[in-house]
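These notes are about the structure you will find just below.
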Amino acid sequence: MAAKLFNCMKGERCRKARPPSELKVKASLLLLTGGTTSACPYGEGQLRHTTTGEAFVFNAREDLHRWNQKRYEALGEIVTQYVYELLEKKCNMTKVILPVDVTEEEPRSFIYLSADAMSNPAKLLVLIQGDGVVRAGQWARRLIINQDLDSGTQIPFITRAKEEGYGVMVLNPNENHLEVERPAKPTPLLSPEASDEPAEKRERKDDRESKKKRDFYEKYRNPQKESETEQIPIRENGSPEEHLLYVWDHFVSNAAARNVFIVAHSYGGLSLVELMCQREAQVKDRVCAVAMTDSVHNIWHQDASKSIQEWLQQHCRNWVSSPEPLDTPVEPMLPDCPRLSAGTERHELTSWRSFNSIFQFFSKALQTGDEYEESSNTVTTRSSHRTKHEHNHDD
C-alpha cells in the first residue's frame, strides 16, 4: 500500500513513502486523506489536510489516545522520508553510509554531505540535532508537523551555509540501531487427549479464542506494537556520542577545511563536550566556533577539563530558551560558554529563532581568527627576522 502524501514548498510531488507497518499506513491515510489517496499539500512549507486545508490536529479521535499517538508516529515516519528527499533533491546532499566499511549483513546508518564537504579548503559547517525521534535534517518533528519546514528542519541552515561558501555535513546521531522482530514463541502442540476434553472446558477455550479476536480488532482500532522487538546496535555508532566521535574521526578530521563550525542543538551539545573530552587537541586545532541551542551539556558531570571550559568560553555561544529578547545575555549556570537568549521560551524553536545570530557569530569568529592568524604570522616573521639579524651580528 502506498499513497502520494506530500507536495513540497514549490508544489512538486514527492516520492511515495512507506511507514514501517500496515497499521501505521492506514492510520496515516485517515489523517492525511480522509480515506482517499489524493496528495496532501505542504503549501508554503506547512502541512495541510488534503480536503479541508486545515492544520494538523492530534486528537482526531477524542476517545482513542493511543490510536492518535500511533497515527502521529506514522506521519512522523513519512515526514522523515520526505526530509531525506528534500536533502537529496533540494539541497543536493549525498547520503554516505556508516560504518564506512559496513558489511552486507550488519545494520547501518548514514549522514549527508554536500559535494564539497571534504574538499572545501575554507569552511565546513557540521549540524548536530538533539536526541529522540528526529533524524538527519530535522531539528524538531513537532515543528515540521505543526508549524512549518523552515522552523523544524535544517534546510535553511544548509541553504545559507552553501550561499556563504561552507561545505556542509548533516549528522544523524539518533540512527543508532536496527529494530527487528523477535522470533515468535512456538505454539505448543495439542495433546492426543485434546479431542476428549469435556464440553465445559472446550467452551472456556472457545471463549478465550473469541477474546483473542476481539483483542486483535481492538489493536486495529487502537494501534500498538504487534510484536516484540529487539535492537541491534550499529557498529561504532550505537549512541549519539559514539556517532559524533565516529564522524569526527572518519570525516571531519579528514576534511580540507581550515575552519570548522558546529551547530549543536540540545543533546548535540552534550555529545560535542564529550567529543572534546576525547579529542581535545584536535577540536581546538580545527574548530573555529560552536553555536549551541538550548544545549543540555554539563561540564561538571562530563568531567570537562579547565582548558576545555576556557576554550568554550572563547569559542562557543549557547542560545537558550528565555523570555528575554534575542541575543540578550543570560545568567550563566556553569563556567563554560556564554549564554544568550534565543528569543523564545520553546526549547524546540531555539535553533530557528537564533538562525541569523548564529551565522553572524560565525562570520565574526572567522574574521577574528583570520586577524589573529595574520598577527601571529607577522610576529613570527618579525621574530625570525630579528633572530636572523642577531645571529648575523654575532658572527
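Here Lys70 clears all of (1) in contact (Cβ under 8 Å) with a residue 24 or more places away in the chain; (2) touching a Ser or Thr at 6+ places or on another chain (Cβ under 9 Å) except the condition numbered (2). Here Asp101 does not qualify as more than 18 Å from the chain's Cα centre (by Cα), crowded, with 16+ Cβ neighbours inside 10 Å and modelled with pLDDT of 95 or more. Does any residue of region 330-349 turn out to be open to solvent by 80 Å² or more (accessible area, probe 1.4 Å) and at pLDDT 95 or above? Scanning region 330-349 turns up at least one residue that is open to solvent by 80 Å² or more (accessible area, probe 1.4 Å) and at pLDDT 95 or above.
Within region 83-95, the set of residues being touching a residue at least 60 places away in the same chain (Cβ under 8 Å) and open to solvent by 20 Å² or more (accessible area, probe 1.4 Å) comprises Glu85, Lys90.
Provide a single number: the residues in region 104-126 that are under 24 Å from Arg258 (Cα atoms) and buried (at least 17 other Cβ atoms within 10 Å of the Cβ). Steps first, answer last, please.
Here is the first cut: in region 104-126, the ones under 24 Å from Arg258 (Cα atoms) are 111-126.
Those left that are additionally buried (at least 17 other Cβ atoms within 10 Å of the Cβ): 111-114, 116-118, 120, 123-126.
Number of matching residues: 12.
Is there a residue being under 24 Å from Glu175 (Cα atoms), out of contact with any helix residue (DSSP H, G or I) (no Cβ under 8 Å at 6 or more places or on another chain), modelled with pLDDT of 90 or more and part of a loop (DSSP other than H, G, I, E, B) anywhere in region 80-92? For region 80-92, residues under 24 Å from Glu175 (Cα atoms), out of contact with any helix residue (DSSP H, G or I) (no Cβ under 8 Å at 6 or more places or on another chain), modelled with pLDDT of 90 or more and part of a loop (DSSP other than H, G, I, E, B): present.
The values are calculated or read from the model by the stated rules, or taken from the named source; none is laboratory data. Because the structure is predicted, anything quoted here is derived from the model rather than measured. No Cβ is skipped: glycine too gets one built from the backbone with ideal geometry, and neighbour counts run over all protein chains shown. Only protein heavy atoms, including side chains, enter the accessible area calculation; ligands, DNA and RNA are left aside. Shrake-Rupley method; radii C 1.70, N 1.55, O 1.52, S 1.80 Å.
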